[in-house]
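Structure, as structure tokens:
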Number of protein chains: 2
Amino acid sequence: MTSYAARLHAATREKGSAVCVGIDPRFAMLPTEFTTGREGSAEARAEAIELWARELLDVVAPLAPVVKPQVAFFEAEGWAGVRAYQRTVAAARERGLLVIADAKRGDIGSTAEAYAQAHFDVVEADALTVNAYLGLDTLAPFLDRCRDAGKGIYVLVKTSNPGSADFQGRQTVDDHGGQAPLHERVAAAVRDIGDETPLDEDGWTAVGAVVGATYPEELACLRALMPRTPLLVPGYGAQGGGAEDCRAGFGANGLGAVVNSSRGISFAFRKGDHAERFGDARWRDSVHAAAVEMRDALRAVAAPETA
Amino acid sequence: MTSYAARLHAATREKGSAVCVGIDPRFAMLPTEFTTGREGSAEARAEAIELWARELLDVVAPLAPVVKPQVAFFEAEGWAGVRAYQRTVAAARERGLLVIADAKRGDIGSTAEAYAQAHFDVVEADALTVNAYLGLDTLAPFLDRCRDAGKGIYVLVKTSNPGSADFQGRQTVDDHGGQAPLHERVAAAVRDIGDETPLDEDGWTAVGAVVGATYPEELACLRALMPRTPLLVPGYGAQGGGAEDCRAGFGANGLGAVVNSSRGISFAFRKGDHAERFGDARWRDSVHAAAVEMRDALRAVAAPETA
């Protein structure tokens, strides 16, 4: 069983890309070729999403090792949307892409086990984002699959939104009087848990962390605190993070991080320069150009070593 | 628009019950009358879940103001399971029950909005459990619906599992050097946010908190810190909490808390005394007896004032 990190890094090297393409299917943002005549029901809207996602995957498959469907946007179309999520994950895997299910799940005991079943066994994502606020015991069913089924998780450590200061950024005090923000405590736990999973040949664990590109100083600090932890870095592009802000997230060999962009790639054709150059009709060209641009911008700050 | 707390408390008074019946549909635990011949596919298993849940609702509707479907167990059956979730919520509402969707969702910006759409607009739950680790800004779309659509939320404050000590229980330090565990910081935020929502005539807000019955001291402390916050108290029964442990969760008028039991009611027939007295064939009688027993045990510690 090849570990998640090994599979991710093989794909990163092969494609020379650390881009994670976020799939956030907001119906109103889709190219009109998919939405026309499909406004009427959740089933029809979900069909539009599924058809669009499949073509999006065709465009980005050579340019990115991994995609990240945001489960919330599928859920917002009800059960038919969840069916589209399931089929989109399968379509991504058929195209050789790894899949991070962005579900931010977290619950206790047998409920956590049910979420692990849902996203790893039924939907067959390669990795899952998880929220560890409920405690380290709640990670057990996910860790089982990291050890035994080549899966990965990304624990939320420092998210890209301004409100991440409210609780993640809270100063905590340990038994010896030492102070550190909560996100550093979570990071230390992520590192320690990860070290109990099989390392890939470059030394990366199967337990990753989510750290936003919008806080480059914290990113550098958290990378140092979690030297063997794969990072998922959101907040690039639309949220304001640039390639330079992501530099600190990568390890010495140019591996260890994937940077996500969602609407900055998939819906680039709806804004600014791309709206003029490509527009709705040439959305595929817009997606291609945006993904190439991001891949090359990231290569300039961290080129993955080829094997 | 009647507020969530007003609707919850009207039902609590009418039924003289603070019981929340958790709906955790584990296929292997269902009565055999539903599972026989339905093992083969996710669609068939989801059908079994849906049929069982509807009959469970018939039994508990006179005994409980509110039910709590655990979304994870529905998700574990894939999209067909999510369809069963959607239909179960509708069936509960048709029977006059309020519904707390136990989904523990939490995400940023437009993604949080998509989760609010999914569980409040599409599925039409009355309330939703949410995880605020990502920050207070992530609650905005849920709060909009508390203010404008009579919805409620329950923010995770202190969960019932042992691991809740790991992060929720972390000592934090404020700008004045004052120390308090993180769950008290979250509680203070929940209280303040709730005070910006419309209060019901008994003075309860639309922003609730999840506080486990398994930590009675913390429950008392958190109730004092959040005097107008409706509580959802998990951990009763199978997890070890008793009625006495829940006493501190109620307000002076016997309102302000609902106590959840899931397998302790719905799957009581599979264990101990109930397995002998009722067994699989008389599962309805077992559910009825378990719900009556819990209702009466809670009445003994906090009888809701009738209007």
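Some observations on this one:
- Here B:R191 clears all of (1) in contact with a Phe, Trp or Tyr (Cβ under 8 Å, 6 or more places away or on another chain); (2) within 22 Å of B:T2 (Cα to Cα); (3) among the basic types (K, R) except the condition numbered (1).
- Long-range neighbours under 7 Å by Cβ, at least six apart or interchain, first residue within 11 Å of chain B (Cβ to nearest Cβ) within region A:180-192, second of a type in the set (K, R) and in a strand (DSSP E or B): A:H183/A:K158
- Within region A:77-107, restricting attention to residues that are buried (at least 24 other Cβ atoms within 10 Å of the Cβ) and over 19 Å from the mean Cα position of the chain (by Cα), the residue that is nearest to B:V130 (Cα to Cα) is A:D107.
- Subset of region B:278-292 (residues that are in a helix (DSSP H, G or I) and touching a helix residue (DSSP H, G or I) at 6+ places or on another chain (Cβ under 9 Å)): B:W283, B:R284, B:D285, B:S286, B:V287, B:H288, B:A289, B:A290, B:A291
- Residue list for region B:48-80, filter: more than 16 Å from B:G22 (Cβ to Cβ) and either hydroxyl-bearing (S, T, Y) or within 13 Å of chain A (Cβ to nearest Cβ) (or both): B:E50, B:E77, B:G78, B:W79, B:A80
- Any chance A:V122 is more than 8 Å from every other protein chain (Cβ to nearest Cβ), in contact (Cβ under 8 Å) with a residue 12 or more places away in the chain and either buried (at least 24 other Cβ atoms within 10 Å of the Cβ) or out of contact with any Leu (no Cβ under 8 Å at 6 or more places or on another chain) (or both): no
- When A:V233, A:V287, A:V301 are screened for being touching a Cys at 6+ places or on another chain (Cβ under 7 Å), crowded, with 24+ Cβ neighbours inside 10 Å and either closer than 21 Å to A:R26 by Cα or not polar (S, T, N, Q) (or both), only A:V233 passes.
- Flag if B:T138 is in contact (Cβ under 8 Å) with a residue 40 or more places away in the chain, closer than 26 Å to A:P162 by Cα and among the hydroxyl-bearing types (S, T, Y): no
- Filtered residues of region A:14-25 (kept if in contact with a Leu (Cβ under 8 Å, 6 or more places away or on another chain) and charged (D, E, K, R)): A:K15
- A:V71 being crowded, with 24+ Cβ neighbours inside 10 Å and farther than 28 Å from A:A281 by Cβ: yes
- Qualifying residue in region B:142-151 (condition: without any contact (Cβ under 8 Å) to a residue 60 or more places away in the chain and not in a helix (DSSP H, G or I)): no
- Residue in region B:132-139 that is among the polar types (S, T, N, Q) and not in a loop (DSSP other than H, G, I, E, B) present: yes
- Condition check for B:G40: touching a helix residue (DSSP H, G or I) at 6+ places or on another chain (Cβ under 7 Å), surrounded by fewer than 24 Cβ atoms within 10 Å (Cβ to Cβ) and of a type outside the set (D, E, K, R): no
- Criterion (at pLDDT 95 or above and more than 11 Å from chain B (Cβ to nearest Cβ)) met by exactly one of A:A149, A:A103: A:A149
- Residue in region A:256-275 that is surrounded by the most Cβ atoms within 10 Å (Cβ to Cβ), counting only those that are outside any helix (DSSP H, G or I) and under 15 Å from the mean Cα position of the chain (by Cα): A:V258
- Criterion violated by A:T197 - all others in (1) out of contact with any Cys (no Cβ under 7 Å at 6 or more places or on another chain); (2) surrounded by fewer than 24 Cβ atoms within 10 Å (Cβ to Cβ) satisfied: (1)
- From A:L156, A:L136, A:L128, residue being facing chain B (nearest Cβ under 9 Å) and buried (at least 24 other Cβ atoms within 10 Å of the Cβ): A:L156
- With respect to the conditions (1) touching an Asp or Glu at 6+ places or on another chain (Cβ under 6 Å); (2) farther than 25 Å from B:A289 by Cα; (3) of a type in the set (A, V, I, L, M), B:V99 falls short on a single one, namely (2).
- Failed item in (1) touching a helix residue (DSSP H, G or I) at 6+ places or on another chain (Cβ under 6 Å); (2) closer than 23 Å to A:G135 by Cβ; (3) more than 14 Å from chain A (Cβ to nearest Cβ), with B:W204 passing the rest: (2)
- Sub-7 Å Cβ pairs linking a first residue in region B:224-239 that is farther than 14 Å from B:H9 by Cβ to a second residue that is among the basic types (K, R) and part of a helix (DSSP H, G or I), at least 6 apart or interchain, are B:L225/B:R191; B:M226/B:R191; B:A238/B:R263, ordered by first then second residue.
- Subset of region B:66-122 (residues that are basic (K, R) and touching a Ser or Thr at 6+ places or on another chain (Cβ under 9 Å)): B:K68, B:K104, B:R105
The values are calculated or read from the model by the stated rules, or taken from the named source; none is laboratory data. Everything numeric here is computed off the predicted structure, so don't read it as measured data. Neighbour counts run over all protein chains shown; Cβ positions are idealised from the backbone, glycine included.
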